[in-house]
Every structure is written in C-alpha cells, then in structure tokens.
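Engineer: Sharing a structure here in structure tokens format.
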Amino acid sequence: MHALARQRWCTDSYIEGTPTLAMGVVEKSAREMHMGPRPRRRTGLAMPETARAGAEEDDEEDAKPPPAPADEEEAKSARGLALARLNRRGLLANLLLVIGYAFALWFQVYEYNGEDRQTIAIVVYFVAFALLILSATLELSIDVCSVRTVGHGRYHAGSVRWNTVISGLFISAGILDIVAFVFWLERRLDVEITILLVSSYVLLVMAVLVFYFQITDIKPQASMLQGILSDTIDLIANLLVLAASVVGVVLRHMQHSQKEEFDDTTDIMELGTVPVWLVSAVLYVVTDAIRVQQGITEQ
C-alpha cells in the first residue's frame, strides 16, 4: 500500500514537473532570442586598445590591393632615366679626361723639343691638368650624390667608398704634379723630381685598385670574349692605365737618380707614356658611348 502510494506520488511529481521544466526552457530560449546570448566571462587578459588598434591597422594594410602594374612600370622607367643620366655624366667626365690628356700630350711635345718654358707651353700644361682634375671631380660628385649600378671607366659598381678613394687618389696625383711644375718653373729641380716620384706612386696605387675592382666586377663564368663588349673595352683601358702607372714609377726613379745617361731615355719614355693615358681615356669614352647607346644601366 505504501509502495503503491509512493509510486503514484513519484509519477504525479514527474508529470507535474515536466511542463514546468519545458516552460523554463522555452522562456530561456525566448529571452536569448530577444536580448541575445548571455556574455561569457573573460578567462584571460583583455587586449589593450593600442594593440587592438594596431591589429586593425595591420588587417587594413593586408586588405589593401597590390600596387597597379602601371605604377611599377612608371617607377622602373624613372629609375632607368636616372641611371641613364649617370651614364651621360660619366661620358662627359671621360670626354674632359680625353681633352685633358690631349693637352698633356701637346705639352709633352713642347718639352721633348726643349720649348716647354714658352708661355704657350705653360698655358697648355695648366689647361691640361685643370681638365684632368675637373674630370675626376665630376666623377667624385657622382659617387657623393648617387650610387653607381654599372662599372664605368676607372670606377666600379661595388663600393661608393672605394670609388671615392680612387677619385681622391687621381685628384691628389694631379695636384702633386701641378706643385712639382711650379717648383720646376722656379728651377728647383730636386724638389720637383721628388714630388713627381710621390705622384707616380699615388697613380700606381690608384691603378692597382682600379684593376682589382675591374676583375671583381667580371662574373666568374664569363671570359673576356664572352662578356659584354663595353666591359671588355673597359678592361683593356684599365690594363693600359696599370701599365702606364708602372712605367711612370720606373721613369721617376730614373729621373730621381739624376744620371746623365738616362736623360734621353727618360725623355722618350715620358713622351711615350702620355699617349697611353690618352688611349685609355678614349677607350673609356667608347665604353660609355656604347652603354648610353644600348641603354645599359644595370650590371
């Protein structure tokens, strides 16, 4: 009897509780639909506002479309024009170099004929070295104001610092030669010869640096015959510069010895050295002309 009553009470409780439970679920669902789900408790540190703003900016940058091909073409074209202007400036510098060596050869002819103390000869000398120093100064301005992307004459595309050193050595040698010439005008020949000896070593150091960087600019798999024509001509010109510098050092040592038997030999050597410098400058101009014509702006 008691068991039957307990069973009926449990059954009635279950039947009566079921609508109440169902009603609670319905009310909870309706409340969530109306007010939205209950916010969850945060379990970690909140993202700072600055970090959130940075993340949003990064997302915006990632969402930006890539630059249009037209903009890339314009940038590439502008870069090509700038590099082409550098090639033309280098061509102008080497044209000044050629004219300077032509005047130097003119003076050398006066000196060989014993007419080097004439006024016209002295003017020719100063014009020659003024042009040579101006040429190197123009080259120096290229390295100070921009970056070379292709080898050019005495200069290479690897290091602005070393190109600056090369220009500085060439300018220093020219200034030393002018100082020696002034002592020669004052007939202080011993001082003149000593200064010319120092100048010749400065040129030799420059020539060694030039040739070293010329070799490093050549690709390992490329030979002289396989390389670009302009690079081959440039290499020949720098070989001539190196040879003329070595001969110049030997010549100045012979003059410094002040032996009379060397007088005729040194005169011939000096007359024969200047044309080598002139030919190397002409080859530089040919190299630059090829690069300007072919639009070579990258190495």
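The values are calculated or read from the model by the stated rules, or taken from the named source; none is laboratory data. Values in this document were obtained by computation on a predicted structure and should not be read as measured data. Using ideal geometry, Cβ is built from the backbone for each residue, glycine included, and neighbour counts are taken over all protein chains shown. We work out accessible area using only protein heavy atoms, side chains counted, and drop any ligands, DNA or RNA first. Shrake-Rupley method; radii C 1.70, N 1.55, O 1.52, S 1.80 Å.
Engineer: Would you please name the residue that is nearest to Asp231 (Cα to Cα), looking only at residues in the range 251-282 that are at pLDDT 95 or above and open to solvent by 40 Å² or more (accessible area, probe 1.4 Å)?
Structural biologist: Filtering the range 251-282 for residues that are at pLDDT 95 or above and open to solvent by 40 Å² or more (accessible area, probe 1.4 Å), the one nearest to Asp231 (Cα to Cα) comes out as Val282.
Engineer: Of everything in the range 179-190, what is assigned to a helix (DSSP H, G or I) and either in contact with a strand residue (DSSP E or B) (Cβ under 8 Å, 6 or more places away or on another chain) or open to solvent by 40 Å² or more (accessible area, probe 1.4 Å) (or both)? Give them in sequence order.
Structural biologist: Kept after step one, since they are assigned to a helix (DSSP H, G or I), are these residues of the range 179-190: 179-185, 189-190.
Of everything in the range 179-190, those that are assigned to a helix (DSSP H, G or I) and either in contact with a strand residue (DSSP E or B) (Cβ under 8 Å, 6 or more places away or on another chain) or open to solvent by 40 Å² or more (accessible area, probe 1.4 Å) (or both) turn out to be Val179, Val182, Phe183, Leu185, Leu189, Asp190.
Engineer: From Thr164, Thr137, which residue is in a helix (DSSP H, G or I), without any contact (Cβ under 8 Å) to a residue 40 or more places away in the chain and either open to solvent by less than 10 Å² (accessible area, probe 1.4 Å) or out of contact with any Asp or Glu (no Cβ under 6 Å at 6 or more places or on another chain) (or both)? Spell out the reasoning first.
Structural biologist: Working: Thr164 fails: either open to solvent by less than 10 Å² (accessible area, probe 1.4 Å) or out of contact with any Asp or Glu (no Cβ under 6 Å at 6 or more places or on another chain) (or both).
None of the other options fit; the residue is Thr137.
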